[in-house]
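Student: Handing you a structure now.
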Amino acid sequence: MVEVPSRVTLTEVAAMAGVSVGTASKALNDRGSMREETRARVRQAADRLGFQIDAV
C-alpha cells in the first residue's frame, strides 16, 4: 500500500506565519487590508510548507 502524504492545511500555514487562520486566508486570496509584511510572511510560510490552494 502506498502512503499518500497529508496535505498542508491553512491552519498550519497560519501557525507558521504567526497569524490567525482568517488573516492567512485573506493574505493568500489577496483580500482585506493588512500590512504588506504580514501578507509576505503568510505567503512565505505557504511556500515553505508547499501549501496549495484548492481550485473549486
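Student: Restricting attention to segment 33-52, which residues are loosely packed, with under 13 Cβ neighbours inside 10 Å and either in a helix (DSSP H, G or I) or of a type in the set (D, E, K, R) (or both)? Explain how you work it out, then say what you get.
Tutor: Step one: filter segment 33-52 for residues loosely packed, with under 13 Cβ neighbours inside 10 Å, giving 33, 35-37, 40, 47-48, 50, 52.
Within segment 33-52, Arg35, Glu36, Glu37, Ala40, Asp47, Arg48 qualify.
Student: Among the residues in segment 21-30, are any in contact (Cβ under 8 Å) with a residue 40 or more places away in the chain and over 10 Å from the mean Cα position of the chain (by Cα)? Reasoning before the result, please.
Tutor: Our first condition is that a residue be in contact (Cβ under 8 Å) with a residue 40 or more places away in the chain; within segment 21-30, this holds for none.
No.
Student: If I ask for residues that are open to solvent by less than 40 Å² (accessible area, probe 1.4 Å) and part of a loop (DSSP other than H, G, I, E, B), which ones from segment 9-32 would you list?
Tutor: Matches in segment 9-32: Val19 only.
Student: Right, another one. If you scan segment 1-25, which residues turn out to be over 13 Å from Ile53 (Cβ atoms) and at pLDDT 95 or above?
Tutor: Going residue by residue through segment 1-25, those that are over 13 Å from Ile53 (Cβ atoms) are 1-6, 11-12, 14-23.
Hits for segment 1-25 are Thr11, Glu12, Ala14, Ala15, Met16, Ala17, Gly18, Val19, Ser20, Val21, Gly22, Thr23.
The values are calculated or read from the model by the stated rules, or taken from the named source; none is laboratory data. Note that this is a predicted model, so its numbers are computed, not measured. Heads up, the Cβs are rebuilt from the backbone with ideal geometry, glycines too, and the neighbour counts pull from every protein chain shown. Remember, those area values only see protein heavy atoms, side chains included, never the ligands or the DNA or RNA. Shrake-Rupley method; radii C 1.70, N 1.55, O 1.52, S 1.80 Å.
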